[in-house]
Structure formats: structure tokens, C-alpha cells
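K.L.:
Pasting in a structure now, in C-alpha cells, and then I'll have a few things to ask.
Please treat every number below as a calculation from the coordinates, not as lab data. Values in this document were obtained by computation on a predicted structure and should not be read as measured data. Cβ placement follows ideal geometry from the backbone for every residue including glycine, while neighbour counts extend to all protein chains displayed.
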Amino acid sequence: MQAGVPALARELYFALLGAVPDRVAIPTSLGYLALQDVQYEDAVASFKRYAYFAGDSANPHDSLGEVFMWTGRYHESVEQYSIALEIDPSFLSSVIGASDALSVTGQFSLARKFLDKFDGLFKRRNQWATREIKLLQVAYQAEDWSLVVSNVERLRADDSFANYEPGLRLWANTLGAIAMAELGSQDEATTLVAEVEQTFDYFLTEIDHDDVVLREDLQLLRASLRCRMALIQGKAAAHELASLRGLIEASTHKPHRLLPYQGVLFQSLHEAGLDAEALEIAPQVLGFLSLIHI
């Protein structure tokens, strides 16, 4: 998007809002523009206005859940996703969002129960693969390495795994490789990492070069995997750490999109005994948190 265009778009939307204040498409557009422009207070205010004028719609509450998730207000995120599902129990994105927020806050049992509660919805939407990967993600965040490995092996042994979306297969294999390494199954982990690396190569070659966000996410995810694997295997990880840090510093991502990768870098530096360097990136995270006055 050209420089100045977001500001002009917001100005035009605010003018329209004054003319037709109950037009729900306007505040939701303003909300996402504010999020893109790192104006988190404005984003929340816009989505709350959207919810006020569309009280019988699940979408504004789903959007509020998304903003709260991006900005680390996970309990409020779950609350908004739950409201969305009370209004419309078929709102699948709210099921996924709520399970993510519950898992991030360490409520792993609740996250699993949430996914189980809506298993019929995943089936009806032909999204059973998404549910399987979300359950796998919960087990990974709970550091239940044995469960991660057994689930990845089960998925890979099923013929239907080949029909999963490529991104879902990549994520499953990435989590599986890390879990195998954590359990000391280095040969199996190395074999799976080689497959994951080939998938990264394929994606980075085939994706649209104009899709900067996806390209950066793939590069950051790959660098994160290499960091974790090097440290788990007890290798000197100076190169991997420097690579991840360089990608983070050069990224065009907004602060809320960079936070997960900064978390991996912080943890990895700490595990490598480089606490002084870990503390160097702390101001970046604190700087993001200072933007949230909501």
C-alpha cells in the first residue's frame, strides 16, 4: 500500500461514519486499518462500535477477539470469541481463536475440551484436518512431547495426510520434529527436519514475490525451527540465533505480528546462556506493550 493511503482511507471512512453512523461496514474497516497502523486503542474502539450497531452478529465479537489475541489480552479474547459463538454456534473462526487463546494462557485442558465440543462443526465444514493440527498445537504448547510425536506419527501414517493443506502439513511436521528432538530421537527428528526444509524451499520458491507478509512468516518460522533444533541438540547456535535476530530486525511486520518470534528468540538466547543479549531485545517487547493502552 502506498505511503499516505491508510491515513487517507481512515479520513474518508471517518467522514462516512459521520454521515451514516449505523453502517456497520465502516467501523469494521476502520478497525482493521487501525490495527494495520498500530493504533490498538482505535482498533478496539472501532470494533466495539461495530458490535453496538450489529448486536445480533457474531462477526464484530470475533473481530474483537482477534484484536485482543494480537495484543496479548487473552482472557478478553476468549470472552469475545465465546460471545460470538453464543450468537452463532457455527462461527468456526471463533472456535479456533478461543482454543488458541486458552492454550496460550496455559489452559490446555480447556482448549482441548473447546475443540472437542465443536468437533461436529469441524466435520460439517470439512475442516477436520484443522482440528487435528490445533489439537497437536495444544499438546506442543503443553510440552507433552510424547503426545505430539504419537499424534504426528498417526497423522503421517494416514493416507488422508497427503491431502491436508500444505501449510497444515508443514506445521504438523515442524512440531513433530521439535518434539522428537526433545525426546532424544535425533535420527527421526533429523529425517523429518530434512522434509520440512524441502517444504520451506518449495513454498519460498512458489509463493508470489509480492506477498511480503507470507514470505517473512516462512523465513521467520524456518529460522525459529533451526534455533530450537540447534539448542535442543546441544549445538553451538550462534549462526542460527544471529539469523533469527537479523530477520526480526529487518522485518516489515507490525509489532503484534513479530511478538511470537521475539519470544522464541528471547527463550533461545536464554537457553544458550546469552542472558545479556536476551535483555537487549526486551525493550522491543516492552515497546510493543507500551502501545497497548486499552
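K.L.:
Membrane-span-like helices in the chain: DSSP H runs reaching 27 Å or more (Cα, own axis), mean Kyte hydropathy at least -1.0?
P.N.:
Result, helices passing both filters: 186-206, 212-232.
K.L.:
Of Ala139, Gln262, Leu204, whose Cα points farthest to the positive end of the dipole of the range 130-267 (charges on the beta-carbon: +1 Lys, Arg; -1 Asp, Glu; origin at the Cα centre)?
P.N.:
Gln262
K.L.:
For the chain, with the dipole built from +1 on Lys and Arg beta-carbon atoms and -1 on Asp and Glu ones, taken about the Cα centre, which of Ala157, Leu85, Phe122 lies farthest toward the positive end?
P.N.:
Leu85
K.L.:
Next question, about the same structure. What does the charge dipole of the chain about its Cα centre add up to, to the nearest 20 debye, if the Cβ of each Lys and Arg holds +1 and the Cβ of each Asp and Glu holds -1?
P.N.:
Dipole magnitude for the chain comes out near 480 debye.
K.L.:
Here is a follow-up. Working from the alpha-carbon coordinates of the range 82-182, get Rg over Rh, Rh being the Kirkwood radius.
P.N.:
0.97
K.L.:
A further question on this structure: Net charge within 11 Å of Asp144 by Cβ-Cβ distance, Lys/Arg positive one each and Asp/Glu negative one each, not counting Asp144 itself?
P.N.:
Result for the local shell: -1.
K.L.:
Mind sorting out which of (1) -0.91, -1.56; (2) -0.81, -1.45; (3) -1.06, -1.55 is the real log10 I(q)/I(0) by the Debye sum over Cα atoms at q = 0.13, 0.17 Å⁻¹ computed from the coordinates?
P.N.:
Answer by label: (3).
K.L.:
Under a cut-off of 20 Å between alpha-carbon atoms, report the aspartates and glutamates in cross-link reach of Lys48, not counting same-chain residues fewer than 8 places apart.
P.N.:
Glu11, Asp22, Asp37, Asp56, Asp62, Glu66, Glu76, Glu79, Glu86, Asp88
K.L.:
Related question: Less than 11 Å Cβ to Cβ from Val67, Lys/Arg counted +1 and Asp/Glu -1: what total charge do the surrounding residues give?
P.N.:
So the surrounding residues net to -3.
K.L.:
Using helices alone, what [θ] at 222 nm do you get for the chain, with -39,500 (n - 2.57) per DSSP H run of 4 or more residues, divided over all residues and rounded to the nearest 500?
P.N.:
Rounded to the nearest 500, it is -25000 deg cm²/dmol.
K.L.:
Using all Cα-Cα distances in the range 141-264, what percent lands in each 10 angstrom bin from 0 up to the longest?
P.N.:
12, 41, 36, 11, 0
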